[in-house]
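Just so it is clear, none of the values below were taken in a lab; they were calculated from the coordinates. Computed from a predicted structure; not experimentally measured. Cβ placement follows ideal geometry from the backbone for every residue including glycine, while neighbour counts extend to all protein chains displayed.
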Amino acid sequence: MRIILIVLVSFSFSFLSNCKKEKNKDSDLILYYLIFNYLNSNSSATSCAITGIPTDPLFANQWHLLNDGTTTGAVSGEDIKASSAWNAGCKGNGVNIVTVDDGMDVAHEDLRTNYDSSLNINFAGFSDSLFYNYNSCSTTGAGCHGTSVSGIMSARDSNDIGVTGVAPRSKIGARNVLVNSTDSNASRAMSESVTKVWVSNNSWGAADDTGRLAASGSLWQSGITSGFSSGRNAKGSIFFWAAGNGGTLLQSSNTGGIVSAGKAPRDNSNHDGQANYHRAFAVAAVGNDGKRATYSEEGANLLVSAPSQGTSGVAITTTDVSSTGGYNRTGAATNYSNMNYTNTFNGTSAASPVAAGIGALILERNNNLTSRDVRVILARGSRKNDASDSDWVTNGAGLSFNHKYGFGTVDASLALPLAQNWSLLGPEVVTNFLTGGLTNTNIPNNNQTGALNTLTVSNSGIGKIEFVEVTLTVATGGTDDAGDLYVELISPAGTKAKLAVPRICTVSGSINYCNDFIAWTFGATTFMDESANGTWQFRVADVCNKTTPGSTSTTYVCDATSRFSGDGSSYTFTTSRNTANAAHTLSSWSVRIRGRAN
Amino acid sequence: MKYEIKTQFKSWKKINSKSILTMIAVLLSACISKSTYSQDVLPETLFYYEGNQKIFLEVDNSMIAEFGASLNVGGKNIKSSVVNADASAQLIRSHGQVNLWKTNGKGGSIGISKSLNESDNKGYSPVFRTIKGATNLALPGNIIVELDTTMTEKQAEVFFGAKGLRILRKHSLDGRNIYEVETPAGAASLNIANSLHGQTGVISSTPNWWRDVTAK
C-alpha cells in the first residue's frame, strides 16, 4: 500500500512541478523528502506522539520505571528506562492490552479512562460490576490480583491521581480466567476476539513450590498458538507469562532439616508447560538492585527479566482494588493512606506486566511488527543486568543469555530504537520433531557423564533460531526419582541449555518423588539467532548418589557441578523415602527447531 | 410459477427432513445424556487422552471440587451440599467459582460427587492428578473433541446427537474442527471423552479439565 502511495505522490509531484508557473526546486525537494520519509516510516502517523514524564503523585515511588537509587538496597539505573520511551512520545497510544487474571476493578479511578470493555471476556457470567472478587479481596487479598497487574501496564498518567503504567495511554481490558480455570476458558482467553488484542499479560499458572512438572492442556496450546499467529490482524498478539515464583533454593534454614548442606533447587520455569511454551514470553523477576529475586525461577525458556520485589524487600507500587479491598486494606503506615494503591505487589506476577508494558511500547513504536519480531527484539534489545554473575554465557550468535535472566532486563532505551528501524523477519520455518540418537540409553546412578547422544541437523532452512523444543521420555524405576536427573542440550555452536537440573520435589512441604519425564517438552530460547544446522548433543545424567536403599536417616548428595556456580555446586539432603537405586533408561528424545532462513 | 413452487416445495422437504433428524437427535441428547454415561471411576479407566497420548491418572478420594460456587465465599459458614453430605468436610481453598473440599465422607469424593451430581444443580467432581503430578485436576463438565476437518458442523451435530450429546460451542482455531460438547460434571466427562477416542472422524477427545492454577 505504501509503495502505491509513493508512486502516486511521486507522479503527482512530477506533474504539478511541470504545471507550476514558478518553479522553486529547493522547497519542492524538501516537501518531497518529508512526504517520502513519512510514507517509508515504520511507525503509524499517530504513534509515539504524546511526550512527557508523568506527574502522578505516586510516580516517584515507582522505581521500576525510574530508579534513582533512593529506595532501600536500590542501585540507581536498575529500571526499564521508561522515560526514554515517554520522551520519544511512546506511551502505548493505540495499543490494546488484556489482563488475563482474576478480573479487574473496571471503575478504578486510575484505570477507568483507559478501560475498554470490548477487550473483555467475563468467565464468571456476572455483570461487569462484579468483574472482580470484591468480597474475597476484602478478606484475604485474593481476587484482587488482576487490578494490580493492570495498573502496572495501563494506569493513566498525568491525571493528578495515583500511579502511571508503563504504557499509560494503552487501552486495557480483562479476561478473568482464574474465576473458572477450565481448559476451554484458558483457550478462549488466548484466542477469542484477538483481532483487537495486541498484548496479553498472564501472571498465573501451575502452583509453585512443588518441583514437579505441570503440563499445559492441548486446547490451551492451540488457543495461544492461534492468538500468536492470528491476533492483531494476523500480525500476532504477544503473550507475556510469569516465569514462576518457586525458585527459592532449599537450604537447612528453610526446609526443616530436609536439606542439611548446600542449596537444592525445587521449581524451574521449564517445569511449567505454559511458561515454557513456544508462544509464551517467559519473564523472570529482578529486584531494585538488578539482581535475581530469590523466588524467581530459572529456566532455559526465559526470554527476559523485569523489575519486581527483590532481596531488599522493596516491591512494586501499582493500583489496588478500590477502597478497602485488595492488598492495601487499612492504609497502614507501611503502605499508602490512599487505599486505591499499594506498594506491596510482587512476584513474577509484577515482573511480567512490566515487560508486557514494554511490549506495548514496542508495538506502538512499530505496529508492523509481528509477534515473532517482538520476541527477537526483546532478546537483542534487553540489558545485561547483574553483569558479574557467572552464569552469563554468550551464545553462538553473540547474544548474552543467563538461565536466571533470559536475555536480560527489559529496557525501553534499547528495544524501541531497534523496533523503529527493524526489518521484518522472514517467514517462520519449523522442523518436524527430529528424532535424537539413542546410542547411549543407560543413565547410571551417580554419574556426571550420563547418557550422551547426538542429533545431526542438515538442510533445516533455519539460519537463525528463535525457539527450540525438546521432548524427552526417560524410564525411571518405581522407587527411583526423576529429580536426580540433569538434562542439557548443546547446540552445534557449543551453547548449552540446561533444561532440567537435579531438584527436590515436595508435597505439602514434605519431600516426595518428582514425576517422571514422559513425553515432557522443554523449551529453550538460549540459542536465539544461532544456526540450526550441525550436530546437537543431548545429555541426561543421574547426579545423585543414592547407592543403597535408604532409611529415614540416610543422607544423599546430589552433585550438580554442571548446574551453575555461585550458589554452590552440590547439596546434601535426607529423605524418609526408601529409594532403591536403579539406573534410568533414556527411552526417546526429539528436537523441534523454530526460526527463519536468515 | 407452478414449476417454481413445486421445485421449492421439494427442496423444502429435502432440507426439512435433515433438519428434523438433527432436531430429534439434539432433543434426545438433552433427555438421555445425564443417565446414559457412568459416573463411576474404575481403576482400569483412570486415564485420558491428549491427542493420541494416553495419560494415566490417580484420583484423590479425599478431595472434591465444587463448581458454580458463590464468588462471595469468605471461607466460613458456607452453605454447601458438600457439607450436607459430609459434616466434617473442610474447605481447602476457593478459586473464584470453584471450591476445593477435603472430605472423609462415606464413599469418598467419588461417591459424594456421584451422589451430588444426581441431586444438585451445581457440579461436583473428584480431584485427579497425573501420576506423581502436582496439579489438581477436576471435571466441571464438558469435553473437547476435535473432528476431522471434512466434517461439517451439521454432520458434527448429528454425530454427537447420535451419542446423546450436544455441542456447546465451536472453538474456532485456525480452521480446525474443535467442539466443546456438553457433558455432566464429574467422572462421566472422563468416561464420555474416553469413549469417543479412536472413533472414525475423531482426531482427539479430551475432558474439559479444570486445573488448579494460581496467580503468581
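Could you give the dipole magnitude of segment B:57-138 about its Cα centre, charging the beta-carbon of Lys and Arg +1 and that of Asp and Glu -1, in debye to the nearest 20?
Numbers: 9 positive and 6 negative charges, 39 e Å.
My answer is approximately 180 debye.
Just tell me how shielded A:219-225 is by partners: mean number of partner chain Cβ atoms within 10 Å of each residue's Cβ, no decimals.
Numbers: counts 11, 2, 2, 7, 3, 0, 2.
The mean count of partner-chain Cβ atoms within 10 Å per residue comes to 4.
Phi angles of segment A:416-433 translate, via the Karplus equation with coefficients 6.51, -1.76, 1.60 and θ = phi - 60°, into HN-Hα couplings of 5, x, 4, 4, 5, 10, 7, 9, 4, 5, x, x, 6, 10, 10, 7, 6, 6 Hz per residue; Gly and Pro are given as x. Ordering of A:338-348, A:162-172 by packing is A:162-172, A:338-348, highest average first (other Cβ atoms within 10 Å, averaged per residue). The magnitude of the dipole of segment A:59-420, with charges of +1 and -1 set on the Cβ of Lys/Arg and Asp/Glu and taken from the Cα centre, is near 760 debye. For peptide A:210-217, the mean count of partner chain Cβ atoms within 10 Å of a residue's Cβ comes to 5.
For A:86, A:392, which order do you get if you count the other beta carbons within 10 Å of each Cβ and list the fewest first?
Details: A:86 27, A:392 17.
By the 10 Å Cβ count, ascending, the order reads A:392, A:86.
For segment A:83-88, the Karplus equation 6.51 cos²θ - 1.76 cosθ + 1.60, evaluated at θ = phi - 60°, returns couplings of 4, 4, 5, 5, 5, 7 Hz by residue, with Gly and Pro reported as x. Counting other Cβ atoms within 10 Å as a rough exposure proxy, the listed residues B:58, A:109, A:298 run B:58, A:109, A:298 from fewest neighbours to most. Distance between the C-alpha centres of segment A:56-90 and segment A:315-387: 12 Å, rounded to the whole angstrom. Here the 3J(HN,Hα) profile of segment A:394-401, calculated from phi with Karplus coefficients 6.51, -1.76 and 1.60 at θ = phi - 60°, is 9, 7, x, 9, x, 8, 7, 9 Hz, Gly and Pro shown as x. Neighbour counts of other Cβ atoms within 10 Å put B:112, A:358 in the fewest-to-most order B:112, A:358. Annotation: amide H-H contacts under 5 Å for residue B:166 (H modelled 1.01 Å from N, sequence separation of 5 or more, or interchain): B:182.
Averaged over the residues of B:84-96, the number of partner chain Cβ atoms lying within 10 Å of the residue Cβ comes to 2.
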